[in-house]
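Structure record follows, encoded as structure tokens.
Every number in this text was worked out from the coordinates using simple rules, so none of it is lab data. Treat the numbers as computed from the prediction; the structure is a model and nothing was measured. Please note: Cβ atoms are built from the backbone with ideal geometry, for glycine as well, and neighbour counts cover all protein chains shown.
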């Protein structure tokens with residue numbers, strides 16, 4: 001019986017397709033992040049939503065789904081749960097009253113800060129062995145892929 005090689009070897013390593021390697025890396029990163037956030041009782045999608053609302057306060061649910069790379073249905077569930085827990089609040093758009101805008105609350109900011117402490121350990125693992133210059137090169141490359149392939 002043939003067994004596939006472990007991650008990092010053969011087609012799962014330097015011989016692999018870039019798209020597969022990105023997917024493999026994303027899956028490993030997500031699992032590790034989920035484990036780190038489990039101690040705080042927050043899911044990875046909830047963490048992303050809180051992070052995006054801190055960075056871009058006042059997003060609508062649809063905009064939040066786009067920047068968080070989640071479906072509108074998933075964001076709807078996350079928003080309801082975070083609002084119920086007092087982590088975010090809604091306001092009506094001043095011109096388009098039917099559009100709800102979401103912002104992070106003090107409670108949500110404190111929760112996000114706690115999450116960030118856990119996630120920063122994952123970030124340090126990702127960046128270990130990279131110089132500051134190489135980290136920036138990787139960031140630009142990844143951001144460029146997202147921009148160029150949309």
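In this structure, is residue 54 within 14 Å of the chain's Cα centre (by Cα), in contact (Cβ under 8 Å) with a residue 12 or more places away in the chain, surrounded by 14 or more Cβ atoms within 10 Å (Cβ to Cβ) and closer than 28 Å to residue 102 by Cα? Give the steps one after another, and end with the answer.
Details: within 14 Å of the chain's Cα centre (by Cα): yes; in contact (Cβ under 8 Å) with a residue 12 or more places away in the chain: yes; surrounded by 14 or more Cβ atoms within 10 Å (Cβ to Cβ): yes; closer than 28 Å to residue 102 by Cα: yes.
So residue 54 fits the description; yes.
Identify the residue in the range 68-97 that is touching a strand residue (DSSP E or B) at 6+ places or on another chain (Cβ under 8 Å) and in a loop (DSSP other than H, G, I, E, B) and, among all such residues, is surrounded by the most Cβ atoms within 10 Å (Cβ to Cβ).
So the residue we want is 87.
Does the range 9-35 hold any residues that are surrounded by 15 or more Cβ atoms within 10 Å (Cβ to Cβ) and either under 13 Å from the mean Cα position of the chain (by Cα) or not in a helix (DSSP H, G or I) (or both), and which are they?
16, 29, 32, 33, 34
Of the conditions (1) farther than 24 Å from residue 142 by Cα; (2) in contact with a helix residue (DSSP H, G or I) (Cβ under 9 Å, 6 or more places away or on another chain), residue 34 fails just one. Which one is it?
Here residue 34 clears every test but (1).
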